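For reference, the structure discussed in these notes is given below.
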Amino acid sequence: MLNAPTPTYPSDGGYSTPAQSCPELSAQCPFGYLYDNATGCGINECAPDPAIQQKESDDRCVKDQQRSLKDFNQYQIKEAERRLKELVRNKVAAPADVQALIGQMKAGYTGALGLTECQDLNTATQDLYQLSNDFNDNIRDVEDVMNAARCIKDAQRELKEFEGYSIKDAERKIAQAKKQKVVIPEAITAGLAQVKALFAEAKKATGCQDIQDAKSEMHSANNDLQDHTMQLDFLIQMPQMIKQITREMKNIERQWKTAASKAKKSKADLSELVARGQRLFDAMQTIFNELKSAMASSNFDMMREVMERGDSEAREHETEIFEIIRTIDALSNAPRYLKDLDRRVKDMRRQAKDMARFEKRDTSTLAACLDNAQPLIAAAKAEVNRRPADPDATAEAFSAVEEGLSDCDEVRSDLEGNREEFFGEFIQDQMFNGMKGGGGEAPPPPEFR
C-alpha cells in the first residue's frame, strides 16, 4: 500500500496533512481506499474522520429541529390562538383544559429554544406536537357546538331574506296579475303553495343539517316557481301589449279601408290589388284574434307561438299592405298626373314659341325633345287605361316619361339662361314672367311600390 503522511485535524473540524497533499482516491476502489499496483485497494489514511462526520451530522440535526420549532410556532401555536379568538368572537367560552394546553405549548416552545443537543430538541418537538394534538381534540367539540349555532343563525337570516324577496315577490306578482284580470296558471298557484310549505318546515327545523336539507328542497321548488313567474311577468305585460296592437290594427284598418274605397272609385281596375290587400289584412286580424284568445286562457306556450308569428308573418303582411296602399294611391292619382303632364308639355311648347318669336332663339332642340316625349306620355296613358291595372308596368311608363321630360327641362333651362344674358334681369322680369305660366317644376309623379 502507498505510504501517506499522517493527517492532522484542526479545531474547525477539517483535516490536513503536513508538507504534502494526500494521494487521490482511485475511481476503482470504494470511498476511503487507494489503489496500488502491488497490493490493490488499501485504506486511505487521508479519508475524513468519523468523529468529524458525526459532529457535522449533529449540527445538521440541530438546525433541522430549530427550523421545526419555528414552524410549530408559526403554524400550530398561532393557529391555536386564532381558534381561541374565534370562540371569543362568537361568544363561546373556551374550556379551561383548552386554555391550559395552549399555555403549555407556548411554555414548551420557549424552553425548547434554549436546547442545543439534537436528541433533546427532538424530544421537545415531539412533546409539543403531542400537546397540539391534545389541543385539537379538546377544542374540536367546542367548535362543533359553535359552528352549529352559527349555522342555525345564518340559516334563520337566509330564511328571513328568502321570505322577503322570493315568497313576497311571487305573491306581489300574483296580486298584480289578478288586478289586471289575468288568469293565474295552476303551476304558479301550486308551486307557491309548495314553496311556502317547505319554508315553514325549514323554520321549524332545529338541527343545522335538518335546516340545510329543508332549505335545499325549498330552493329547488322555488327555482321551478321562478320559471313560471317569468311567464307571469309576460302575462302581466300582455294587456298593455294588446292595447298597443289594437291601436296599430285600427290604424292599419282605417288606412286600408280608405285605400280600398279609393280603389273602387278609380277608373282603373284595381280589383286584384284590393283582393290581395284584404287577404293580408284578414290574416293579420286572425293572428291578433289568436293572441287575444291565448291571453284569455293564460296559455303561455300558445301566446309565445302567436307572438313569434306576429313578429314574422304579421310584420311582413303589414309591410305588404302599406305597399299596396301606396300603389292604389298612385294608380288612383295617375289620371290627374297625366293631365299635369299634358299641361306641362303644352306650357313648354308655348315658351319655345315665345322665345323663337320675341328673342329669335333657335328652339328646335326643345321642340324635338318634346316630340320625343309625346310617345312616352301616350304609353303611360295606355298603361293607366289597362284592365286590370299592372302597377309595375305603369310605374315603368311614368318613370320613362319623367326621364324624358327632365331632359326637356334641361334644354329649356339652357334657353332661358341665354335669354336672361341677352335682355337683362329687369326686362326679363317684365316681359317673360307671364310666359312661363305652369311650365315650372312639375308636380311629383305618383309613388309606386
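If we scan the range 295-304, do we find a residue that is without any contact (Cβ under 8 Å) to a residue 60 or more places away in the chain and more than 57 Å from the chain's Cα centre (by Cα)?
No, every residue in the range 295-304 fails to be without any contact (Cβ under 8 Å) to a residue 60 or more places away in the chain and more than 57 Å from the chain's Cα centre (by Cα).
Kindly list the number of the only condition in (1) farther than 30 Å from Gly191 by Cα; (2) free of Cβ contacts under 8 Å to residues at least 60 places away in the same chain that fails for Glu143.
So Glu143 meets the others, but not (2).
Taking the range 101-144 as the region of interest, how many residues are among the aromatic types (Phe, Trp, Tyr) and surrounded by 16 or more Cβ atoms within 10 Å (Cβ to Cβ)?
At the first step, the residues of the range 101-144 found to be among the aromatic types (Phe, Trp, Tyr) are 109, 129, 135.
Still in the running and surrounded by 16 or more Cβ atoms within 10 Å (Cβ to Cβ): 109, 135.
Result for the range 101-144: 2.
Select from the range 266-306 the residues that are of a type in the set (Phe, Trp, Tyr) and at pLDDT 80 or above and list them in ascending order. Spell out the reasoning first.
Within the range 266-306, the subset of a type in the set (Phe, Trp, Tyr) is 281, 288, 300.
Scanning the range 266-306 gives Phe281, Phe288.
Would you call Lys262 in contact (Cβ under 8 Å) with a residue 24 or more places away in the chain, within 20 Å of Ile152 (Cα to Cα) and charged (D, E, K, R)? Walk me through how you get there before you give the answer.
Values: in contact (Cβ under 8 Å) with a residue 24 or more places away in the chain: yes; within 20 Å of Ile152 (Cα to Cα): no; charged (D, E, K, R): yes.
No: the conditions fail for Lys262.
Within the group Ile287, Ile236, which residue is surrounded by 14 or more Cβ atoms within 10 Å (Cβ to Cβ), farther than 30 Å from Thr394 by Cβ, free of Cβ contacts under 8 Å to residues at least 40 places away in the same chain and under 38 Å from the mean Cα position of the chain (by Cα)?
Just one listed residue meets the conditions, Ile287.
Only one of Arg336, Arg361, Arg343 is more than 50 Å from the chain's Cα centre (by Cα) and not in a helix (DSSP H, G or I). Can you tell me which?
Values: Arg336 fails: not in a helix (DSSP H, G or I); Arg343 fails: not in a helix (DSSP H, G or I).
Result of the check over Arg336, Arg361, Arg343: Arg361.
Just name the residue that is surrounded by the fewest Cβ atoms within 10 Å (Cβ to Cβ) out of those in the range 332-379 that are closer than 20 Å to Glu416 by Cβ and β-branched (Val, Ile, Thr).
Thr365
If you check Lys381, Lys339, which single one turns out to be more than 30 Å from Gln231 (Cα to Cα) and without any contact (Cβ under 8 Å) to a residue 24 or more places away in the chain? Even if it seems obvious, please write down each step before you answer.
Working: Lys381 fails: without any contact (Cβ under 8 Å) to a residue 24 or more places away in the chain.
When all the criteria are applied, what remains is Lys339.
The values are calculated or read from the model by the stated rules, or taken from the named source; none is laboratory data. Note that this is a predicted model, so its numbers are computed, not measured. Every residue, glycine among them, receives a Cβ derived from its backbone with ideal geometry; neighbour counts consider all protein chains shown.
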